[in-house]
Amino acid sequence: MPKTAKKGESAFQPVQLDDKDMEILSLLQQNARMTVKEIADTIHLTTTPVHERIKRLEGSGVIKQYATLVDPAKVGKNLTVICYVSLREHTKNAGLKFIKAINEMNEIVECYNISGEFDFMLKVMAEDMNTYYNFHVNKLSQIENMGQIQSIFIMGVVKQTHRLVYD
């Protein structure tokens, strides 16, 4: 779990990283199962400083978690939908209730608070159109304070990555 910002620090303040830290991050984004020894050999350090750097990157919140990327089609999630959502009421309490409801729905894999005509953008994974329709009618649209919902169906993926590039 990432540490919270200390008094006088901003949670959005970048962490100071050197070239070796960046190399470690790049390697781990390519393969999070890479061993400390493999990383050390690749970046020409010994294992102890590499291990310490990784622990520091984890402790500072630069590395948030390690994950397995799953091919949605291979597990029967053949439909990806982007939902734009606007709420009727924009109080803090209403927003918190909406966020709580969204976090309890496994179909929603990403949620962003956005600016513009809509308040939130959701990424929803479903088996097929019938499954999505059931989710939309019986779950999403039933959230208290729900305003407008616009569904955009993904026809194909042009680019999808989890890797950040550091310049």
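The values are calculated or read from the model by the stated rules, or taken from the named source; none is laboratory data. This structure is a prediction, so every number in the text was calculated from the model and none was measured. Using ideal geometry, Cβ is built from the backbone for each residue, glycine included, and neighbour counts are taken over all protein chains shown. Remember, those area values only see protein heavy atoms, side chains included, never the ligands or the DNA or RNA. Shrake-Rupley method; radii C 1.70, N 1.55, O 1.52, S 1.80 Å.
As for region 78-98, it holds no residue that is open to solvent by 70 Å² or more (accessible area, probe 1.4 Å), β-branched (Val, Ile, Thr) and out of contact with any helix residue (DSSP H, G or I) (no Cβ under 7 Å at 6 or more places or on another chain).
Can you tell me which residue in region 111-135 is surrounded by the fewest Cβ atoms within 10 Å (Cβ to Cβ), limited to those that are assigned to a helix (DSSP H, G or I) and touching a residue at least 40 places away in the same chain (Cβ under 8 Å)?
So, considering only residues that are assigned to a helix (DSSP H, G or I) and touching a residue at least 40 places away in the same chain (Cβ under 8 Å), the one surrounded by the fewest Cβ atoms within 10 Å (Cβ to Cβ) is Met129.
From Lys139, Lys159, which residue is within 30 Å of Ser26 (Cα to Cα) and of a type in the set (Lys, Arg)?
Among Lys139, Lys159, only Lys159 is within 30 Å of Ser26 (Cα to Cα) and of a type in the set (Lys, Arg).
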